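The values are calculated or read from the model by the stated rules, or taken from the named source; none is laboratory data. Because the structure is a prediction, the values reported are computed rather than measured. Cβ atoms come from the backbone with ideal geometry, glycine included; neighbour counts cover every protein chain shown.
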Amino acid sequence: MTFRELKLRPNPERPVINDLIDYEQFCGIPQAQAAATEEKSAIAEISVKDLKDLMEHGADAFVLIDVRNVNEYEIARIPGSVLVPLPDIEQGSGIEKVKELAKDHRLIAHCKMGGRSAKALKILQDAGIEGTNVKGGITAWSQEVDSNVPQY
């Protein structure tokens, strides 16, 4: 194998590049993250420890929905949670189920880490159903409340 070297001359009409640009800023990633954070912050959140206290002291005052997929629900679940997968909510069939479950109850939703449940709650909010997101989801539950709940 042989290599050839090419000698390039600078173009005097182009600016000199001394260092690399901030790629994330150039691509607009911080703006996307800020928009996602803003959307997520519009949804009320509850910590897993506060959820545990609520479960111990006010079990009838709320309904906990799990928006993960069926296979995830079979691996690990928070006791008392009801499965209503995010795809069902996105398609509309889950909205009616949630309306029925949340009738006269506070709605709390969780997923693996909090992102999908925030998305589900935004859809439900648009349908007139207010709810609270479990911050950190079942992963935080396993780490902070019940280590017997498997992490995946």
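Which condition breaks for residue 132 when tested against (1) touching a Gly at 6+ places or on another chain (Cβ under 9 Å); (2) crowded, with 17+ Cβ neighbours inside 10 Å?
(1)
Here's the yes/no breakdown for (1) at pLDDT 85 or above; (2) surrounded by fewer than 11 Cβ atoms within 10 Å (Cβ to Cβ):
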site: 4; (1), (2): yes, yes
site: 12; (1), (2): yes, yes
site: 23; (1), (2): no, yes
site: 32; (1), (2): no, no
site: 50; (1), (2): yes, no
site: 68; (1), (2): yes, no
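Being in a strand (DSSP E or B), closer than 18 Å to residue 151 by Cα, in contact with a helix residue (DSSP H, G or I) (Cβ under 8 Å, 6 or more places away or on another chain) and not basic (Lys, Arg), is that true of even one residue in the range 119-133?
For the range 119-133, residues in a strand (DSSP E or B), closer than 18 Å to residue 151 by Cα, in contact with a helix residue (DSSP H, G or I) (Cβ under 8 Å, 6 or more places away or on another chain) and not basic (Lys, Arg): absent.
Report, by residue number, each residue of the range 52-66 that is under 20 Å from residue 103 (Cα atoms) and either aliphatic (A, V, I, L, M) or surrounded by 12 or more Cβ atoms within 10 Å (Cβ to Cβ) (or both).
Of everything in the range 52-66, those that are under 20 Å from residue 103 (Cα atoms) and either aliphatic (A, V, I, L, M) or surrounded by 12 or more Cβ atoms within 10 Å (Cβ to Cβ) (or both) turn out to be 54, 55, 59, 61, 62, 63, 64, 65, 66.
Please give the helices (runs of 4 or more DSSP H) falling wholly within the range 39-110 in which 1 or more residues are of a type outside the set (Val, Ile, Thr) and under 18 Å from residue 142 (Cβ atoms). Give the derivation first.
Details: elements: 48-57, 70-75, 86-91, 93-102.
Here the list reads 48-57, 70-75.
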